[in-house]
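Have a look at the structure below, then the notes.
What follows draws every value from the coordinates through simple rules; no lab data is involved. Please read these numbers as outputs of a predicted model, since none were measured by experiment. Because the Cβ atoms are built from the backbone with ideal geometry, glycine has one as well, and the counts that use them run over all protein chains shown.
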Amino acid sequence: MSPFLTAFKNSPQSEIIFYVARKTGQQSLPVDISITLCLFWPTEGAARNRSFIHSCTNYLFALVLEKTPLEASRCQVHPQHQHKRLFKTVVSEFGRIAVEFLRRGTNPKIYEGAARKLSADAETVQHGVEGLMYLLTESSKLMISEVDFQDSVLVLGFTDELNQLLLQLYLEHRKEVRHILSELTPSLPHYHNLEWRLDVQVASRALRQQVKPTVSMKLHLEDRGEKSAKVLQTDPATLIHLIQELEKALAELKTTHCRRILRNIK
Amino acid sequence: MELSESVQKGLQSLADPMLFDLKTFSVLIEVAFQSLVSAHADSSVLDQPEFKRIDQMLLKHCHNAATTCILEGVKQNADKSTISSCLEDLRFDAERTDVFYSIYQKYRSDLETLLSSIGRCPPHINDVSWRLEYRIKNGHVHKVNEPSYLISLNVENANNGGSSEDLHFSCTMEQLQVHNDLVGKMKDAAKSLEKATQL
């Protein structure tokens, strides 16, 4: 038995925290995280069984990821237990909650509900879900490849099945998470639509009997979901000038200089 | 052409050879037109040597009446017969009417341009500037790798004394060209303008 398990056996507490080595300096991994594994089980189980290998009926793993500079020796966790299925459902449920929270914002009531169902601490559940959220956002932000993601998750020492589950969670949701993250970036209002109308001014208070062609336009802009419309006007000569300028702008994208840059920076 | 009583009185004084001889009359009419057309309000406009002997109040009143009459004429796009009949009603002799009309012809198009520019309108686009950028990454998402345009429309606000402001917005290449596009719609507008001019 590893020294950790021995320590665990003698510990009267109902929880134990395993620290895992921090993954730095590994060139294959762009993610730099240290992972804290929390292992929880109900107190009556702890009283009966000190050894987690022979542990009681229900327990769960919760992931807590945090950027702590702590170092520790590697922990060998082998959940050779019939409740692998339980892990899977719990982790996939947590994953679902994490994605939902990323979409809509957090809801503390869910933590309490889940904590009650799993007979665990609400704060623990919160840490678990937040850990998953962080894992998802960091991986999606960096858009890491499958291989890199698997390498990063490997350090947790989970089963392949669980790793696959996390990988699927990442792959399925990464585009959506990137889209949500991109809403945080500073941005200007962007173009949505343009309506136009051709008018001829025939008279005004200052001058009767005019023939003045104008083009009225309504420019629809959108800024993070807020739509705005501006009514503008221009005369035919300026309109032609605007078209010429914008066509020059479009042509610029097809020049060799631009193409070289677009091709090479990927 | 409808003119108020005070304007009519002023014009009648102008018609009077006892108050204004022909030369002074011509100078005053010329001065009246110029003061309308010139860009700066010149307080010394009535300081001509010919006006030294004339009562200043009368001078101002006549100048006022003349400019009002001119503006009315330009506004209504009055032709020779309208002006002549109006002036004749105010006891202008033929000579003075001719002088008035010839100077009127000279300044007419400038005054029309001036009057047509007065009025309220939505902010008027004067110019556009653009910038093409390639977004690589930002603080929240890496590997963005997308080109994007930043467009600035220079817009003049006719209401607030001609203040101009810039309207900035960003635009992808597709938005500029392909779908729901800005340039395409402007081209449609230009085409329909062309068709309308050929009608």
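Are there any GluC sites (Glu not before Pro) in the stretch A:176-214 that are in a DSSP loop and have at most 14 other Cβ atoms within 10 Å? List them by number.
Working: sites: A:GLU176, A:GLU183, A:GLU195; in loops: A:GLU183.
Hits after loop and neighbour filter: A:GLU183.
Can you compute the charge dipole magnitude of chain B about its Cα centre, using +1 on each Lys and Arg Cβ and -1 on each Asp and Glu Cβ, nothing else charged? Give it in debye, rounded to the nearest 20.
720
Multiplying the sequence separation of A:ASN193 and A:ARG205 by 0.36 nm and subtracting their Cα-Cα distance, what value in nm do you get? Please list the in-between numbers first.
On the way: separation 12, 0.36 × 12 = 4.32 nm, distance 3.29 nm.
Full-extension gain reported as 1.0 nm.
Taking every pair of distinct Cα atoms and averaging 1/r, then inverting, what Kirkwood hydrodynamic radius in Å comes out for chain B?
Evaluated over chain B, this radius sits at 21.6 Å.
Lys and Arg at +1, Asp and Glu at -1: add these up for the other residues within a Cβ distance under 12 Å of B:CYS121 and post the number. Spell out each step's value before the answer.
Values: positive: A:LYS212, B:ARG120; negative: A:ASP199, A:ASP235, B:GLU156.
That sum, taken over residues with Cβ under 12 Å, equals -1.
Enter the angle in degrees (range 0 to 90, nearest 10) between the Cα long axis of helix B:56-75 and the first principal axis of the Cα atoms of chain B, meaning the one along which they spread out most.
50
If packing is taken as the average number of other Cβ atoms within 10 Å across a peptide's residues, how do A:231-237, A:256-262, B:115-121, B:65-71 rank, most packed first? Please list the in-between numbers first.
Numbers: A:231-237: 16.7, A:256-262: 11.0, B:115-121: 14.0, B:65-71: 21.0.
Order by mean packing, descending: B:65-71, A:231-237, B:115-121, A:256-262.
Which whole number gives the average, over all residues in B:189-198, of C-beta atoms from other chains lying within 10 Å of the residue C-beta?
The mean count of partner-chain Cβ atoms within 10 Å per residue comes to 4.
Can you pull the three principal axis extents for the Cα set of the stretch A:210-266, in Å, largest first?
On the principal axes, the stretch A:210-266 reaches 55, 32, 7 Å in Cα extent.
Which whole-Hz ³J(HN,Hα) couplings does the stretch B:112-118 yield from phi under the Karplus relation 6.51 cos²θ - 1.76 cosθ + 1.60, θ = phi - 60°, glycine and proline marked x?
Karplus-based 3J(HN,Hα) across the stretch B:112-118 equals 4, 4, 4, 5, 5, 7, 8 Hz.
Taking only the alpha carbons of the stretch B:68-139, what extent do you get along each of the three principal axes, in Å, biggest first?
Principal-axis extents of the stretch B:68-139 (Cα, largest first): 82, 20, 15 Å.
Mind jotting down the distance between the C-alpha centroids of the stretch A:137-185 and the stretch B:124-199, whole Å?
Cα centres, the stretch B:124-199 to the stretch A:137-185: 37 Å.
Does anyone have the angle between helix B:80-89 and the longest principal axis of chain B? Alpha-carbon axes, 0 to 90°, nearest 10?
The helix B:80-89 is inclined about 40 degrees to chain B.
Placing +1 at every Lys and Arg Cβ and -1 at every Asp and Glu Cβ, with all other atoms neutral, what dipole size does the stretch A:168-210 have around its Cα centre, in debye to the nearest 20?
Value, rounded to 20: 260 debye.
How far, in nm, would the chain grow between B:ASP166 and B:ARG135 when pulled straight, counting 0.36 nm per residue and subtracting the alpha carbon separation? Mind showing how you got there, number by number?
Working: separation 31, 0.36 × 31 = 11.16 nm, distance 2.29 nm.
The B:ASP166-B:ARG135 span can extend by a further 8.9 nm.
If you average the C-alpha positions of the stretch B:29-74 and of the stretch A:206-266 separately, how far apart do those two centres end up, in angstrom?
Cα centroid of the stretch B:29-74 versus Cα centroid of the stretch A:206-266: 45 Å apart.
Against the longest principal axis of chain B, how steep is helix B:22-37, in degrees 0 to 90 to the nearest 10, with axes from Cα atoms?
The two axes meet at around 10 degrees.
So which trypsin sites (Lys or Arg not before Pro) in the stretch B:33-103 pass both tests, a DSSP loop state and at most 11 other Cβ atoms within 10 Å of the Cβ?
Those that pass, being in a loop and sparsely packed, are B:LYS52, B:ARG53.
Could you give log10 I(q)/I(0) at q = 0.20, 0.22 Å⁻¹ for the stretch B:4-111, computed by the Debye formula over C-alpha point scatterers of equal weight, without solvent?
Each listed q maps to, in turn, -1.07, -1.32.
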